[in-house]
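One structure is given here, and the rest of the page talks about it.
The values are calculated or read from the model by the stated rules, or taken from the named source; none is laboratory data. Predicted, not measured: the structure shown is a model, and the values here were computed from it. All Cβ positions, glycine included, derive from the backbone under ideal geometry; neighbour counts span all protein chains shown. Accessible surface areas use protein heavy atoms only, side chains included; no ligands, DNA or RNA. Shrake-Rupley method; radii C 1.70, N 1.55, O 1.52, S 1.80 Å.
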Amino acid sequence: VLRYERAIMASLLRRRVGAVGLASAAAAVTAVALGGAADERSALSRHLSQVAQCSASRAWLVPPGPAGNRVVGRTRDGKPVVQRTLQHGSLTVQVLDWGATLSSVLLPDKRGDVGEVTLGFDELTPYTDGTSPYFGCVAGRNANRIAKGRFTLDGEDFALATNNGPNHLHGGDAGFDKKLWFCEAQSETSLTLALISEDGDQGYPGCVLARVTYSLPTPNQLRIEYAAITDEPTLVNLTNHTYWNLKDGGRSNVLNHQVELAADLYTPVDATSIPTGEVRFVKGAMDLRKPVEIGAKIKEADNGMGYDHNFVMRGVFGADGLQPVARVYEPSSGRWMTVRSDQPGVQFYTGNYLDGVKGRGGAPYRRHHGLCLETQKFPDAANKAHFPSTVLRPGEVYHHLTVHEFGASDAAPHGPF
C-alpha cells in the first residue's frame with residue numbers, strides 16, 4: 001500500500017492532475033506500484049477510484065454500516081457533513097468529517113454514570129463559521145505557531161497566512177480544521193479520514209495526502225494515528241486539539257484537575273507565544289513532574305494568563321514505541337486520562353482565551369473551562385534549526401501516534417504510565 005501511494009503521488013500529483021485524473025489513472029498505476037495478486041491490485045484500484053471519484057464529485061456519502069452515522073448539516077457550498085460514531089463497551093466517540101473533528105467523547109465516572117468529557121457544539125455551524133476555537137480538530141498542515149508566518153526551506157523563502165497576531169497558527173485561515181475530509185474506511189471501532197492539501201494551500205509548498213485514524217482498540221483506549229506524504233519538500237506537524245474537561249465536559253473550569261507531565265524541560269516563549277529558542281529546565285509553576293492541581297500554580301504561569309507552553313518529553317520509549325506524556329485526574333468524578341505518544345513535545349494549554357462561547361447544551365465555555373494536550377513537534381521548528389524538524393520530503397512518510405487511556409477511581413492513579 002505504501003509503494004502504491006508513493007507511486008500515485010510521484011506519478012500524478014507532480015503533474016498537478018485533479019481528482020478526476022486521479023480516478024482515471026489509478027488502475028494503470030496500480031499494476032506497476034504493487035507486486036501483489038491480480039485480485040488485490042484490482043480491489044485497491046477500485047478503492048482508490050471510488051475515493052477519487054467521490055472527491056471529484058463532492059458526493060460525500062454516509063457509508064453503510066454503523067447506525068450512529070448521520071448527516072448533521074452542510075458546508076457553505078452545500079456539501080453534507082457526516083458525524084460518525086465509534087463505540088467499544090462504555091466508551092463512545094463521535095467524529096465529524098469537517099476538520100476530522102473529535103466532537104464528543106463519552107466516559108463513565110467512578111459511579112458508572114456516563115458523561116461528556118470534551119468541549120464542543122450541538123450544531124455544525126459553529127465548527128464551520130469560524131466560531132470554534134479549534135475544538136477537537138486536526139490542526140495542520142503545521143500545528144501551533146510559525147513566527148511571522150515565514151520560513152525558508154532549501155534556500156527558498158515562503159510566506160504563510162498570518163492568523164494569530166503577527167504569526168501563523170494551526171495551518172492558517174483555512175487549515176486542516178476548516179476542510180472537509182473524506183472517509184476511507186469505518187468499522188464499529190475505527191475510522192480513517194483522508195485529505196488532499198494542494199500545492200500552495202495557505203502558502204505551503206507541495207501537495208500533501210494526509211490521513212488520520214481514530215480507533216478504540218479497547219473499551220478504555222482512544223488511539224489517534226496520523227500519516228502524510230508529499231510530492232515536494234514541505235512542513236507537516238499534525239495534532240489533535242481536543243479541549244478536555246473530565247468533570248462535566250466544560251460546564252465548569254478545570255482548576256481542580258490534577259495534572260502531571262513527563263517533562264523536565266520546556267520552551268519559553270516571547271510576548272507573541274513564539275519560542276525564544278531556549279530549552280529551559282522546569283521550575284516553579286512550570287514544574288509539573290508531580291501531580292498538582294492546575295489552579296494551584298496557574299496564576300504564576302505566563303504572567304497569570306495560564307499555561308500555553310510546549311513541554312519537552314524525556315524520550316524514554318516503551319516497547320510499543322510510545323513515551324509517557326501526561327496524566328490527568330479529576331477527583332469529583334474520579335475520571336482519569338493518561339496520554340502516551342511518539343512525539344517529542346506536548347503543548348499544554350488551559351483554555352486561556354475561551355471567552356464564554358456557547359457550547360453544548362448552551363453552556364458558556366469561559367476561561368480555563370478546558371485543557372488541551374497537543375502532542376507535536378515544537379512550535380516554530382521551521383525557524384529553529386536545533387528543534388526537531390517538521391520538514392517532510394518526497395519518499396518520506398510522516399507518522400504520529402498518540403494513545404489516550406481512560407479510567408475512573410476514588411483516588412488518583414500513581415506510578416509509571
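Candidates are the residues of segment 88-123 that are of a type outside the set (Gly, Ala, Ser) and touching a Pro at 6+ places or on another chain (Cβ under 8 Å); the one that is surrounded by the most Cβ atoms within 10 Å (Cβ to Cβ) is Leu91. Of the strands (runs of 3 or more DSSP E) lying entirely inside segment 318-380, those containing at least 1 residues that are of a type in the set (Asp, Glu) and in contact (Cβ under 8 Å) with a residue 24 or more places away in the chain span 372-376. Selection of segment 392-411 for residues being part of a loop (DSSP other than H, G, I, E, B) and under 21 Å from Pro331 (Cβ atoms) yields Ser409, Asp410, Ala411.
Here His414 fulfils each of the conditions (1) modelled with pLDDT under 95; (2) farther than 20 Å from Pro291 by Cβ; (3) assigned to a loop (DSSP other than H, G, I, E, B) apart from (2). Answer yes or no: is there a residue in segment 110-122 that is out of contact with any Phe, Trp or Tyr (no Cβ under 7 Å at 6 or more places or on another chain), within 21 Å of Gly351 (Cβ to Cβ) and not in a strand (DSSP E or B). Yes, there is a match, as at least one residue in segment 110-122 is out of contact with any Phe, Trp or Tyr (no Cβ under 7 Å at 6 or more places or on another chain), within 21 Å of Gly351 (Cβ to Cβ) and not in a strand (DSSP E or B).
Mind checking which residues of segment 165-179 are touching a residue at least 60 places away in the same chain (Cβ under 8 Å) and of a type outside the set (Asp, Glu)? The answer is Gly165, Pro166, Asn167, His170, Phe176, Lys178, Lys179.
Looking across segment 134-148, the residues that are of a type outside the set (Phe, Trp, Tyr), touching a residue at least 40 places away in the same chain (Cβ under 8 Å) and either open to solvent by less than 10 Å² (accessible area, probe 1.4 Å) or part of a helix (DSSP H, G or I) (or both) come down to Gly136, Cys137, Val138, Ala139, Gly140, Arg141, Asn142, Ala143, Asn144, Ile146, Ala147. Against the test of being at pLDDT 95 or above and under 18 Å from the mean Cα position of the chain (by Cα), the options Thr239, Thr218, Thr234 yield a single qualifying residue, Thr239. Within segment 389-412, take every residue that is polar (S, T, N, Q) and either out of contact with any strand residue (DSSP E or B) (no Cβ under 9 Å at 6 or more places or on another chain) or closer than 26 Å to Thr230 by Cβ (or both) and give me the one that is surrounded by the most Cβ atoms within 10 Å (Cβ to Cβ). Going through the qualifying residues, I end up with Thr390. Among the residues making up segment 180-210, those that are surrounded by fewer than 21 Cβ atoms within 10 Å (Cβ to Cβ), closer than 23 Å to Arg74 by Cα and free of Cβ contacts under 8 Å to residues at least 60 places away in the same chain are Ala185, Thr192, Glu198.
Is it the case that Phe151 is at pLDDT 95 or above, surrounded by fewer than 20 Cβ atoms within 10 Å (Cβ to Cβ) and over 25 Å from Asn253 (Cα atoms)? No, not satisfied. Filtered by the rule that a residue be surrounded by fewer than 23 Cβ atoms within 10 Å (Cβ to Cβ) and within 20 Å of Phe311 (Cα to Cα), segment 348-359 gives Tyr349, Asn352, Tyr353. Checking the stated criteria, Ile294 turns out not to satisfy the condition of being more than 24 Å from the chain's Cα centre (by Cα), closer than 26 Å to Ala411 by Cβ and not charged (D, E, K, R).
For segment 271-300, the tally of residues that are open to solvent by less than 70 Å² (accessible area, probe 1.4 Å) and among the acidic types (Asp, Glu) stands at 1. Do the conditions hold for Asp173, that is, is it within 14 Å of Ala143 (Cα to Cα), open to solvent by 40 Å² or more (accessible area, probe 1.4 Å) and part of a loop (DSSP other than H, G, I, E, B)? Spelling it out, Asp173 is indeed within 14 Å of Ala143 (Cα to Cα), open to solvent by 40 Å² or more (accessible area, probe 1.4 Å) and part of a loop (DSSP other than H, G, I, E, B).
Taking each residue of segment 82-104 that is of a type in the set (Gly, Ala, Ser) and assigned to a strand (DSSP E or B) and looking for partners that are at pLDDT 95 or above and open to solvent by 10 Å² or more (accessible area, probe 1.4 Å) with beta-carbon atoms closer than 8 Å, six or more apart or interchain, yields Ser103/Gln83; Ser103/Gln94; Ser103/Phe121; Ser103/Tyr127; Ser104/Thr92; Ser104/Gln94; Ser104/Glu116.
The single residue among Asn245, Asn220 that is of a type outside the set (D, E, K, R), in contact (Cβ under 8 Å) with a residue 60 or more places away in the chain, within 17 Å of Tyr329 (Cα to Cα) and open to solvent by less than 20 Å² (accessible area, probe 1.4 Å) turns out to be Asn245. Can you tell me which residue in segment 321-373 is modelled with the lowest pLDDT, limited to those that are among the aromatic types (Phe, Trp, Tyr) and more than 18 Å from the chain's Cα centre (by Cα)? Restricting to residues being among the aromatic types (Phe, Trp, Tyr) and more than 18 Å from the chain's Cα centre (by Cα), the top hit is Tyr353.
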